Amino acid sequence: MITDYSIQAVAINAIPLIFAITIHEAAHGYAARRFGDNTAYMLGRVSLNPAKHIDPVGTILIPLALILAGSPFLVGYAKPVPVNFGRLRNPRIDSIWVAIAGPGSNFIQALIWAILLILLVGLGIDEKFFIAMAQAGILWNLGLLVFNLFPIPPLDGGRILSGLLPTRQSIAFGKLEPWGFFIVLGLVFTGIIGGLWMDPLMAFFKGVLYLLTYPLQMLF
């Protein structure tokens with residue numbers, strides 16, 4: 001999370017954050033197309049253009065309000081990628097893969113940033129700006145990965161859980177979606193998501209990254 005709103009801090013965080021959000025949303029659309037639904041593709045949402053995924057309220061107004069209020073953390077959301085689940089070849093199973101695609105893209109990006117960080121440090125490239133950017137890339141992508149896996153709709157974790165539940169329970173669970181963001185926002189402000197969800201899962205995925213990059217670390 002950004003706790004320093006200086007020009008340098010914003011510059012360090014901007015590039016990895018924009019990539020993290022943009023690729024996350026494009027990945028949903030790409031997965032949906034692979035499984036039979038062209039809705040996002042036809043609307044131009046399978047794109048690496050950040051402007052295609054900006055939500056005026058979730059991406060701009062809410063984070064800006066938190067910055068002006070001096071909040072120690074930021075929350076927000078991008079414009080949801082439209083998916084017509086009825087067009088998926090196997091709606092129940094394919095919807096799970098479409099939901100996983102976003103967080104999965106963030107894990108891959110975190111891995112790429114981790115590899116870049118190891119190379120920068122290992123090769124003795126003392127560019128503090130890029131080292132800080134790589135570190136921010138790891139944290140932002142792991143943060144988005146873990147946050148979006150929280151099992152409340154419309155977050156990806158909620159859609160994954162909905163796909164795993166029996167039909168009757170899935171329909172009932174889906175009725176939470178209009179209130180989902182407000183529920184999540186309340187849990188964020190009370191510290192429940194941070195302490196009971198974000199912190200342990202962030203530590204877990206950092207451990208996974210460490211194991212995956214261990215062979216590269218041994219080269220230096």
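The values are calculated or read from the model by the stated rules, or taken from the named source; none is laboratory data. As the structure is a prediction and not an experimental result, all values here were calculated from the model. Glycine also receives a Cβ, built like all others from the backbone with ideal geometry; neighbour counts cover every protein chain displayed. Ligands, DNA and RNA are stripped out before the accessible areas are found, and what is left, the full protein with its side chains, is counted by its heavy atoms. Shrake-Rupley method; radii C 1.70, N 1.55, O 1.52, S 1.80 Å.
Helix 7-34 axis versus longest C-alpha principal axis of the chain: approximately 40°, rounded to the nearest ten.
Could you please state how large a percent of the accessible area of the chain is carbon and sulfur, counting protein chains only and using a 1.4 Å probe?
Details: 8640 of 12100 Å².
It is 71 percent, rounded to a whole number.
So if R0 is 25 Å, what FRET efficiency would Leu64 and Ile112 give, r being the distance between their Cβ atoms, rounded to the nearest 0.05? Could you put the intermediate results ahead of the total?
Numbers: r = 29 Å, r/R0 = 1.15.
FRET efficiency, Leu64 to Ile112: 0.30.
Per-residue ellipticity at 222 nm, computed for the chain from helices alone with -39500 (n - 2.57) per DSSP H run of at least four residues, works out to -21500 deg cm²/dmol. Which lysines have a Cα less than 27 Å from the Cα of Lys52, not counting those fewer than 8 places away in the same chain? Qualifying lysines at Cα under 27 Å: Lys79.
Taking a temperature of 37 °C and a viscosity of 0.692 mPa s, what whole-number D in µm²/s does Stokes-Einstein yield for the range 125-220 with Rh from Kirkwood over alpha carbon pairs? Please report the intermediate quantities before stating the final value.
Numbers: Rh = 15.5 Å.
Here the translational diffusion coefficient equals 211 µm²/s.
Compute the acute angle (0 to 90°) between the alpha-carbon long axis of helix 199-218 and the principal axis of greatest extent of the alpha-carbon atoms of the chain; round to the nearest 10°. The angle comes out near 50 degrees.
To the nearest 10 degrees, how steep is helix 91-122 against the longest Cα principal axis of the chain, on a 0 to 90 scale? Relative to the chain, helix 91-122 is tipped by roughly 0 degrees. In the elastic network of the chain, a GNM with C-alpha springs shorter than 10 Å, the most mobile of Ile12, Ile112, Ile125 is Ile125.
Counting only heavy atoms of the protein chains, get the accessible area per residue of the chain (1.4 Å probe) and round it to a whole Å² value.
Values: 12100 Å² over 220 residues.
Ligands and nucleic acids excluded, the figure is 55 Å² per residue.
Quick one: work out Rg over Rh on the C-alpha atoms of the range 112-179, Rh as Kirkwood radius. List each step's numbers first, then the result.
Numbers: Rg = 18.8 Å, Rh = 14.2 Å.
Reported Rg/Rh, Kirkwood definition of Rh: 1.32.
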